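The values are calculated or read from the model by the stated rules, or taken from the named source; none is laboratory data. Keep in mind it's a predicted model, so treat the numbers as computed, not measured. Neighbour counts run over all protein chains shown; Cβ positions are idealised from the backbone, glycine included. Note: accessible area is taken over every heavy atom of the protein model, side chains too, but ligands, DNA and RNA are not part of it. Shrake-Rupley method; radii C 1.70, N 1.55, O 1.52, S 1.80 Å.
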Amino acid sequence: MTSIKNIQEKLGRYNLKKKSKQLKRNIKAFNIEKASSIGVVYNATNRNDAETVKKFVQYLLEERKDVSSIGFIDSKDSSNLVKPHLNYVYFDNRDLSKTLTPRGKDIENFITKPYSILI
């Protein structure tokens with residue numbers, strides 16, 4: 001089974017590399033104080049790590065920043081583990097394509113939104 005997973009991963013990396021070559025970015029240096037929008041991507045499989053990220057996102061919201069976060073849960077069905085909130089979006093293995101790249105409306109919205117800082 002791991003050889004199939006390796007092939008899927010290699011195909012996914014190839015597709016992402018191909019897509020990233022098409023992107024044109026305007027790079028600027030920002031610190032957290034001057035950033036207007038912040039995106040946070042994290043592994044939400046471990047509940048302690050997810051709670052730490054939630055506290056960090058809450059701190060940024062208190063600083064009046066536009067914050068969006070997206071967490072990956074390494075599970076087949078995370079609907080009973082967590083519920084999405086306004087600033088917290090989660091995806092799991094069901095939201096991965098055959099090449100292990102994320103797909104879905106929430107994920108696409110997160111990817112297309114421009115952020116001053118991506119953490």
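Taking the stated definitions as given, is VAL67 over 30 Å from ILE7 (Cβ atoms) and either open to solvent by less than 80 Å² (accessible area, probe 1.4 Å) or of a type in the set (Phe, Trp, Tyr) (or both)? Before you say what the answer is, go through the steps one by one.
Numbers: over 30 Å from ILE7 (Cβ atoms): yes; either open to solvent by less than 80 Å² (accessible area, probe 1.4 Å) or of a type in the set (Phe, Trp, Tyr) (or both): yes.
Yes.
Any residue that is at pLDDT 90 or above, surrounded by fewer than 12 Cβ atoms within 10 Å (Cβ to Cβ) and of a type in the set (D, E, K, R) - is there at least one of those in segment 12-24?
No; the residues of segment 12-24 include none that is at pLDDT 90 or above, surrounded by fewer than 12 Cβ atoms within 10 Å (Cβ to Cβ) and of a type in the set (D, E, K, R).
Somewhere in segment 4-11, is a residue surrounded by 14 or more Cβ atoms within 10 Å (Cβ to Cβ), closer than 19 Å to THR101 by Cα and not acidic (Asp, Glu)?
Taking every residue of segment 4-11 in turn, at least one turns out to be surrounded by 14 or more Cβ atoms within 10 Å (Cβ to Cβ), closer than 19 Å to THR101 by Cα and not acidic (Asp, Glu).
Which condition number does SER36 fail, the rest of (1) surrounded by 14 or more Cβ atoms within 10 Å (Cβ to Cβ); (2) modelled with pLDDT of 85 or more being met?
For SER36, the failing item is (1).
Among the numbered conditions (1) under 20 Å from SER75 (Cα atoms); (2) without any contact (Cβ under 8 Å) to a residue 24 or more places away in the chain, tell me where ARG25 comes up short.
(1)
Given the residues VAL53, VAL41, VAL67, VAL57, which is the only one that is within 18 Å of GLU108 (Cβ to Cβ) and at pLDDT 90 or above? Full working, then the answer.
Details: VAL53 fails: within 18 Å of GLU108 (Cβ to Cβ); VAL67 fails: within 18 Å of GLU108 (Cβ to Cβ); VAL57 fails: within 18 Å of GLU108 (Cβ to Cβ).
Matching residue, one of VAL53, VAL41, VAL67, VAL57: VAL41.
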